[in-house]
1. Using the charge dipole of the chain (Lys, Arg: +1 at Cβ; Asp, Glu: -1 at Cβ; taken about the Cα centre), state which of 79, 140, 237 has its Cα farthest towards the positive end.
2. Only helical DSSP H runs with n ≥ 4 go in: add -39500 (n - 2.57) per run for the chain, normalise by residue count and round the 222 nm mean residue ellipticity to 500 deg cm²/dmol.
3. Classify the range 193-298: rounded, prolate or oblate, from the alpha-carbon gyration tensor (a ≥ b ≥ c, eigenvalue square roots; a/c under 1.5 rounded; otherwise prolate if a/b is larger than b/c)?
4. Identify all aspartates and glutamates with a Cα-Cα distance to residue 109 below 19 Å; exclude those on the same chain that are fewer than 8 residues away in sequence.
5. Report, by chain and number, residues whose modeled amide H sits under 5 Å from the one on residue 215, excluding near sequence neighbours (fewer than 5 apart, same chain).
6. Counting pairwise Cα distances across the range 202-264, what percent come out greater than 19 angstrom?
7. Report the Cα-based extents of the range 257-310 along its three principal axes, largest first, to the nearest Å.
8. Using θ = phi - 60° and the Karplus curve 6.51 cos²θ - 1.76 cosθ + 1.60, what whole-Hz ³J(HN,Hα) does each residue of the range 63-77 get, with Gly and Pro shown as x?
Amino acid sequence: MYGEGTTPSNQYGSQAGEAWKKGNTGSNTVYIGIIDEGYMYTHEDLAANAGTNPGEVAGNGEDDDRNGYVDDVYGWDFAGNNNSVFDGVDDDHGTHVAGTIGAVGGNGKGVAGVCWSVKILNAKFLGTSGGTTANAIKAVDYFTSLKNKGINIVATNNSWGGGGFSEGLYEAIGRANDAGILFIAAAGNSSKNIDKRKSYPASYDNANIIAVASITSTGAKSSWSNYGATTVDIGAPGSAIYSTLPNSTGNGYGSYSGTSMATPHVTGACALYASTHSTAKAIEIKAAILGNAIYTSSLDGKCVTNGRLNVSGF
Ligand SMILES: [Ca+2]
Ligand SMILES: [Ca+2]
Ligand SMILES: [Ca+2]
């Protein structure tokens, strides 16, 4: 994300520095759900923003909040069917995504996410050999259930794709919509127009989806990024993004590229907006994200907004 102690000034960045200067660096009353691999919630630059399920008592072997999952404190591992959402250095993709959303800012360590302060929860469904649609559905419904219990989950980050149309997943995203949770989805990395050749979940037509393409630090569309004038909503930085990575000492960092890296910029933006607009409905947050996009020639005709993420007014 951003180097700690530096003000992100790149005109093709998310403009988060402008929001920070005005005093909006996020809020620990806003929760984000990461649907991905696990993430390293003990990382030095993530631990302060690790969310926990307020209805669950850790380690007592009981399903205290009666959501069907025992001791789901940091979330649930649907791939392993257990409560250990972080399982080691293979959870690099999820940890990188987490840092872009909410690596702690102003702590003199590592990087700063779009939100310096936020609460991250995790539904792990991707393992080293990918994940299943059945577990993706469970992961989406996991956050819907928590939201319906009163936890302020604003959005889920979905830096993944694959598989054909699934009525079950489509309906699960619909249930998230009914609960007021935005579903931020990566457009995918196959250089294709997903208006014509669908890429799920980005291509579902649920109202709560924001589908994200990737741009470079010079404002070009990342060559591999999918696009689509009606299916993809907006662009965000996704080429050579520096963020948190797991290692044995909890202080790893590195650069990854993909629409997987663009997507958490938008998810972080949803949390940032919700921090200062605490009563905003999901549809209003989405309207703010899309309405504040900056026209970008490389995205002209390539997405709904013809532009890139801009959180300067948040
Ligand atoms: Ca539980
Ligand atoms: Ca428990
Ligand atoms: Ca930091």
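The values are calculated or read from the model by the stated rules, or taken from the named source; none is laboratory data. Just so it is clear, the structure is predicted and the values come from calculations on it, not from any experiment. In this analysis, Cβ positions are derived from the backbone assuming ideal geometry, glycine residues included, and neighbour counts consider all displayed protein chains. Note: areas computed on protein heavy atoms with side chains; ligands, DNA, RNA excluded. Shrake-Rupley method; radii C 1.70, N 1.55, O 1.52, S 1.80 Å.
1. The one lying farthest along the dipole's positive direction is 237.
2. Taking each H run of at least 4 residues, the total per residue is -7500 deg cm²/dmol.
3. It comes out oblate by the Cα gyration axes.
4. The reachable aspartates and glutamates, counting only those whose Cα sits under 19 Å from residue 109, are 4, 44, 45, 92.
5. Residues meeting the criterion, in which the H sits 1.01 Å from N, are 222, 236, 238, 239.
6. The answer is 38 percent, as a whole percent.
7. 34, 23, 14
8. 8, 4, 8, 6, 9, x, 10, 7, 6, 7, 7, 8, x, 9, 9
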